[in-house]
Amino acid sequence: MRIVNEPQVYLVAKTQLVSEGLNAYLKDIGNPDWQADPAVSGGENLIEAAGRMCYRSWQPYDPKKPEATNPNVTQVRKGNEQYVANVLKSGHGSILEHVSMTFICRNVSRVFTHELVRHRAGMAYSQESLRYVRLDDIPFWLPEEAKSNPKAEARFKDVIDFLEKTQKELSDIFGIKDLNDFTTKKHLTSMFRRLAPCGLGTSIVVTGNLRSWRHIIAMRTSPHAEAEIRIVTGKIARICKNEYPNVFQDMEFDSDAGEWTFKYPKV
Ligand SMILES: Cc1cc2nc3c(=O)[nH]c(=O)nc-3n(C[C@H](O)[C@H](O)[C@H](O)COP(=O)(O)OP(=O)(O)OC[C@H]3O[C@@H](n4cnc5c(N)ncnc54)[C@H](O)[C@@H]3O)c2cc1C
């Protein structure tokens, strides 16, 4: 048994803007008076470009640029922050789906992963296989209530120890160490895991687009949500705010409730 401090979150990938491609497109439609802002992340520039393409609102109407401008548009918002602010306010959040972030969550339990994978829209998952990975060593995060109660903590540790020993005993009973056939080992490992605790530490890779992350953060940092998913999505929220301050400009931390809230929850 290995008691771990807290579930960890690593940002491992995010959408990049291919400036050469976007610039080539802008040139081909007649060079509108608009440029990606170098001070803003590629993702936020991509979101703005997607929105401006919809309405040909790169700049006010110019009859010399018929493919880039629109006679209905006499003025445009300047700057990514203002542009994205208006998108959030108007609730036209589909353009946020062009940008995604991928995290590896480590030492998270099956309690957590089971809740996380309920979020389907705009999400992708790859989860550590406990059919393949044998549980000779069980990492375990103790929730605060268990850690702060000595009797409960001792009980947790006893049970985890017992279940870990059971995994090893089953390995011995079936002589899994001496088997070469991987399929048989997989079947046995899968059978053993039925006696593993659902609080054991495991890993999941999760990709979500920014519209989905906004929704998940709102639902899962709420005080009504489970303790572990609140910790993990709280960490994800901080990374989102740091990476995409304009897309998350309406998200604030309510320190009394320990919750991230949105001015425009439905985008
Ligand atoms: C505090 C809390 C308690 C919970 N308790 C339980 C429980 O007791 N039992 C239980 O089973 N689950 C429970 N859940 C899980 C919950 O019911 C959802 O399954 C989960 O939060 C996923 O959210 P979502 O449905 O918004 O899906 P997401 O995939 O995150 O979808 C995002 C949004 O897209 C739209 N959408 C997605 N899929 C569809 C679709 N098929 N059709 C139409 N619109 C769609 C909806 O507007 C949805 O809100 C709980 C969740 C929380 C936060």
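None of the figures in this text is laboratory data; all of them are computed from the coordinates on show. Computed from a predicted model, the values in this text were never measured in an experiment. Note that we place each Cβ from the backbone using ideal geometry, even for glycine, and neighbour counts take in every protein chain shown.
Summary of values
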quantity	calculated
Residues of segment 117-161 classified as in a loop (DSSP other than H, G, I, E, B), aliphatic (A, V, I, L, M), touching a residue at least 60 places away in the same chain (Cβ under 8 Å) and more than 16 Å from the ligand (Cβ to nearest atom), total	4
Per-region count, segment 7-30, residues surrounded by fewer than 13 Cβ atoms within 10 Å (Cβ to Cβ) and not in a strand (DSSP E or B)	8
Qualifying residues in segment 78-112 (those that are under 14 Å from Thr202 (Cβ atoms) and crowded, with 22+ Cβ neighbours inside 10 Å) - the one nearest to the ligand (Cβ to nearest atom)	Phe112
Flag if Gly175 is buried (at least 18 other Cβ atoms within 10 Å of the Cβ) and either under 22 Å from Gln8 (Cα atoms) or free of Cβ contacts under 8 Å to residues at least 40 places away in the same chain (or both)	no
Scope segment 214-237; condition in a helix (DSSP H, G or I), out of contact with any Leu (no Cβ under 9 Å at 6 or more places or on another chain) and within 15 Å of the ligand (Cβ to nearest atom); matching residues	His215, Ile217, Ala218, Met219, Ala227, Glu228, Arg230, Ile231, Gly234, Ala237
Residue within segment 238-259 that is in a loop (DSSP other than H, G, I, E, B), of a type in the set (Asp, Glu) and either in contact with a Pro (Cβ under 6 Å, 6 or more places away or on another chain) or in contact (Cβ under 8 Å) with a residue 24 or more places away in the chain (or both) present	yes
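Residues checked against (1) among the hydrophobic types (A, V, I, L, M, F, W, C); (2) buried (at least 17 other Cβ atoms within 10 Å of the Cβ):
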position: Ala154; (1), (2): yes, no
position: Glu164; (1), (2): no, yes
position: Gln167; (1), (2): no, yes
position: Met191; (1), (2): yes, no
position: Thr202; (1), (2): no, yes
position: Trp213; (1), (2): yes, yes
position: Pro223; (1), (2): no, no
position: Thr233; (1), (2): no, yes
